[in-house]
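Report on one structure; see the data block that follows.
The values are calculated or read from the model by the stated rules, or taken from the named source; none is laboratory data. Everything numeric here is computed off the predicted structure, so don't read it as measured data. Note: ideal-geometry Cβ built from the backbone for every residue, glycine included; neighbour counts use all protein chains shown.
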Amino acid sequence: MEIELQAVRDFLAAHPPFDHLDPELLDELPARVSIRYLRRETPVPPIDADGCYTYVIRKGAVEIHNDEQLAEKLGEGDCVDCSLRNSQANPRARTAEDTLLYLIPCAEVERLRELCKPFAAYFTDDSGKRLRKALTRITDTPMQSSDLDSVEIARIGNLNPITVKVGVTAREAARVMREARVSALLVLGEGDREGKLVGIVTDKDLRNRLVAEGLSADTPIETIMTAAPHTSAPSTTGLAALEWMTRKQIQHLPICADGNLLGMISSSDLMRYQTTHSHFLTIEAARADSVEDLRSISARLPQLQVQMALGGATAGHVGRAVSSVTDALTTRLIELAERELGPAPVPFVWVAGGSQARKEQTSHSDQDNALIIDDAMTEADAAYFEKLAHFVSDGLNACGFIYCPGDAMATNPKWRQPLKVWLRYFRNWIEKPEPMALMLSSIFFDLRMVHGERSLLKRLREEVNELTKANHIFLAYMASNALKHRPPLGFFRTFVLISDGEHDKTFDIKHRGIVPIIDLARVYALAAGVCEVNTLGRLEAAAKHKAVSKEGAANLRDALEFIATLRIRHQAQQIRNGEAPDNYLPPDSLSPLERRHLKEAFSLIAMMQETLEQRYQTGRLG
């Protein structure tokens, strides 16, 4: 191949969609390519074009306009494809500077589309679909069905549980358990409760309620069984079942539907099934006897993130896993505090904020938490909750979750208040949306219960949602606040990088890529009046309430999963290298295809930000 043609081939091979072509097709292509130079402000296709072409930018830049609005800026390696000439939307393209183009006949493009499906998909897939394919590619293999967050317990539990009927003796029950080699059996009723579950007996019951109490082995089983045990539906997820069992410190959970016994699942079943270690860590945390024990458990979180990233987990999988461990550590710290301080004098709920609340944590983020306390709290009770807050917050800090730099923690008296005070806070923030109120709103609109009286948070959230969804002025200010973090894309779709210091030639992928989507989703959720705090969940719920289009929500979900997964891979590599994980990503560490998809994700975010800006006319707020 002549050297000029080889240069064309090498350039095309480095850019989508031509990088999808087989080597034989790539070898044939340069001979069919022509080259054209266009001066600045020349239409593309040019007026004197002698045929229909796809234009590949070799050097320079092209602007795409739609209804007089700038829709996109294309740079080196980008394509102005054949569909532009025939588009009903009538977009216009024009060179933004002197530009060198490779021209590929549309007939040749059609031939290549017929011969290569991945090449064809580039022209037919929308941005979201391309991002989904890219996400699958960078994770190698998506999480398999061993993800406890999605599998139903009916799939992994024992659907042939060992049972006995009421009236049998403890001796007979123990013999049945020994022969079946099980540590628990279910007790069924008789008469009008024939075949219905009435109780459960475990090895622990035989030890604590029979032997330790000196009862006869001929004691009826109903004397020592746990009557009317909690049950779960067969559709309950493995993660939900495990979280319940951990909270209640039980090892066995009957599976029932419409009052009929279907089976039983044990913590051992769940542990055998799951493929990551996050659920082991939550169980260990629930059994920990000291802050030091919890500290040693938390120290394994970075390795959990590495293992999940290497195993093909997306950021969503990692976020849920890490957050579940943090929840378990927090819950156990509260229990240890109560063991030392005594039970709480009035009901309370410990709530998490930030990434823990949204179930989007990576290992060892800083703390964001608060206490919502029953209105019956007295001044004397306040001292108890102050001690509780410091015990838990100090324990989390010992576990690697450093104190919040902005002091948004329950140790701050302002964020350790009765429900009526919290309601007053939110009313003031919503009715007087000044800068500090907007900053606090961004933190405290993401609260999620970790431990305590759920109804306190429920009452707060319901009233706040009613206030926000009807307040257009407040939403406009929140929208304006959500536009402060912009994607790091330059005028010609180049990355805007930090240019000096420790993070030279990088960009902050969290604050420039992930936070903008979190902020957008929060505004959509507030406008829709939904209680969801997880960002992906907010986008889905907001789309159902028409606070954002289905297409817009889907595109933002795809962009978030792609960007956030690049982030957890970046951090996992740093952890493997013995470095402290951060959010500063050098574009050079990505493949050309990953860089292109990242630019596409950033462009989607920018487009959605512009739409929000127009909806709420944020420029008028001053």
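For the stretch 78-92, a tally of residues being surrounded by fewer than 19 Cβ atoms within 10 Å (Cβ to Cβ) and modelled with pLDDT of 85 or more returns 0.
Under the condition of being loosely packed, with under 13 Cβ neighbours inside 10 Å and of a type outside the set (Asp, Glu), which residue from the stretch 571-591 is farthest from residue 503 (Cα to Cα)?
Applying the first criterion (loosely packed, with under 13 Cβ neighbours inside 10 Å) to the stretch 571-591 yields 577-580, 588, 591.
After this cut, where a residue has to be of a type outside the set (Asp, Glu) as well, the list is 577-578, 580, 591.
On the way: 577: 17, 578: 18, 580: 13, 591: 20 Å.
Checked the stretch 571-591; the qualifying residue farthest from residue 503 (Cα to Cα) is 591.
Taking the criterion of being outside any loop (DSSP other than H, G, I, E, B) and modelled with pLDDT under 85, the residues of the stretch 305-315 that qualify are 306, 307, 308, 309, 310.
Number of residues in the stretch 266-281 that are within 22 Å of the chain's Cα centre (by Cα) and either at pLDDT 90 or above or surrounded by fewer than 18 Cβ atoms within 10 Å (Cβ to Cβ) (or both) equals 2. Looking across the stretch 544-587, the residues that are more than 16 Å from the chain's Cα centre (by Cα) and of a type in the set (Gly, Ala, Ser) come down to 547, 549, 552, 572, 578, 580. When 532, 561, 540 are checked against the criterion of being surrounded by 16 or more Cβ atoms within 10 Å (Cβ to Cβ) and in contact with a Gly (Cβ under 7 Å, 6 or more places away or on another chain), 561 stands alone in meeting it. Of the residues making up the stretch 286-301, those that are assigned to a helix (DSSP H, G or I), over 23 Å from residue 568 (Cβ atoms) and among the hydroxyl-bearing types (Ser, Thr, Tyr) number 1.
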